[in-house]
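Asker: Take a look at this one; I'll ask things after.
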Amino acid sequence: MKIYLLLSLLILTYAAKAQNYALSFNGTSDYVTIPASSSWAFGTGNFTVEWWQYETDGNAHPRIFSIGSYPSASIAISIESGTIYCWLGGTIALSPSLGTYENTWVHLAYTRSGSTVNIYKNGTLLSTGTNSNNINNTSNPLYLGNEEISGSFYGGYLDEVRIWNIARTQAQIQANMNSVLVGNESGLVAYYNMNYGSGTILSDNSSGGHNGTINGALWVINTNPSLPVELKSFSARANSSYVTLNWETATEVNNHGFNIERRFQDFEWIQIGFVQGSGNSNSPKTYSFNDKNISTGKVEYRLKQLDNDGRFKYSDIVEVNVKTPASFELNQNYPNPFNPSTVISYSVPFASNVKLSIYNTLGQTVKVLESGFKPAGDYSATFNTTGLPSGVYFYKLEAGQLSQIKKMTLMK
């Protein structure tokens, strides 16, 4: 068996958000102040701000996140009549309709990459635009739930507020938007997971040390039921005739299962299988899936984890390179002698119709193990001998104009 590439991806997650706390804002006077810092003076560079929210009071124009004050706020996010306004350097960079957002948990992420700005809702791109304004405010505090002078107070809950000095991709956002971070992730400059549930200090759980002061907002249990499945690892390995996917979860709540999706270079994602989840579990669970008879070349895989109510999130992507065999080859079966079954492996360096047949010593066909078109690749087939007598058998591989024959012994 040839292993061409093993790519293991560790997705470090520790607790489902449903088990943690959030901050509750009353919509009239509550807010959080975080001292000014150069950590979020991004200049014309990249950034990401993401958070979970549950808005309750339908305030006309609440500020959720703001550095500085209207109309010159460096970065600000507000909602009015179902429209989310994303400000950069005093300019509205994006203002799409948010759709359903009141009285439900919603994850939002605001990013800039180069001059391209995006807003994501629940891991899906909501709107994109262009803004290259210089974000260099190092004198004004950062506010959660309000703005420096406007009094546009937010009413509802906030949780898992994260600030990055990189533009996170959609796949990265999807991968851990439902999970608690470690706090030392690359590019993370401030992180408020709000899991401790008491006190008037909002602790920065990154290495930045940007603690904030809670002004009136109250601690509540976070009731967000969003996909509390902790994916611990996900790997892909190219074998002789298939790719094996392995993954492990740390805990699961209401986990229906996993769609397995595959993409070849420059093609769309397609679903190739489904693996049932464990439902509810507080102990590690392991899963595997074999993608058989695939084409050679670069192949990407991802998991689509499905909750019992239909909600979902994607894993990060793993990639393998399935190489073309150098020659046409029929390998000796293993084990040999054997009882009751043996494995026959072979290599086909070109796409063709392939036939693998078993014969007895009289030249009679006992069984046809393979028959049909196959792409170039390494393959294997299992020969089960139930009902056959002991003795010598032959197996023959045919592909195009090529053929090979080998002998094997069944001993009962």
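Nothing in this text is a laboratory measurement; each read-out follows from the coordinates by a stated rule. Just so it is clear, the structure is predicted and the values come from calculations on it, not from any experiment. Because the Cβ atoms are built from the backbone with ideal geometry, glycine has one as well, and the counts that use them run over all protein chains shown.
Asker: Which net charge results when you count Lys and Arg as +1 and Asp and Glu as -1 among the other residues whose beta-carbon is under 9 Å from that of Lys313?
Answerer: It works out to a net charge of +1.
Asker: Two decimals is fine: what's Rg over Rh for the chain, C-alpha atoms, Kirkwood radius as Rh?
Answerer: Here Rg/Rh amounts to 1.15.
Asker: Still on this model: Given R₀ = 22 Å, FRET efficiency for Ser115-Ser95 by Cβ-Cβ distance, to 0.05?
Answerer: About 0.80, to the nearest 0.05.
Asker: When the convex hull of the C-alpha atoms of segment 39-181 is computed, what volume per residue in Å³ does it have?
Answerer: Dividing the Cα hull volume of segment 39-181 by its residue count gives 93 Å³.
Asker: Exposure proxy check: Ser357, Ser74, Ser295 ranked by fewest other beta carbons within 10 Å?
Answerer: Ordered from fewest to most neighbouring Cβ atoms within 10 Å, Ser357, Ser74, Ser295 come out as Ser295, Ser357, Ser74.
Asker: While we're on this one: Of all DSSP beta bridges located in the chain, what percent are antiparallel, nearest 5?
Answerer: Within the chain, antiparallel bridges account for around 100 percent of the total.
Asker: Net charge near Phe153: determine it from the other residues with C-beta under 12 Å of the C-beta of Phe153, scoring Lys and Arg +1 and Asp and Glu -1.
Answerer: Combined, the nearby Lys, Arg, Asp and Glu give -3.
Asker: Any idea what the dipole of the chain comes to, in debye rounded to 20, about its Cα centre with Lys/Arg Cβ at +1 and Asp/Glu Cβ at -1?
Answerer: Here the size comes out at about 2000 debye.
Asker: Kindly provide the helix-only [θ] at 222 nm of the chain, computed as the sum of -39,500 (n - 2.57) over DSSP H runs of four or more divided by all residues, to the nearest 500 deg cm²/dmol?
Answerer: Helix contribution divided over all residues of the chain: -500 deg cm²/dmol.
Asker: Here is a further query. Within a Cβ distance under 11 Å of Thr365, other residues only, what is the Lys/Arg minus Asp/Glu net charge?
Answerer: +3
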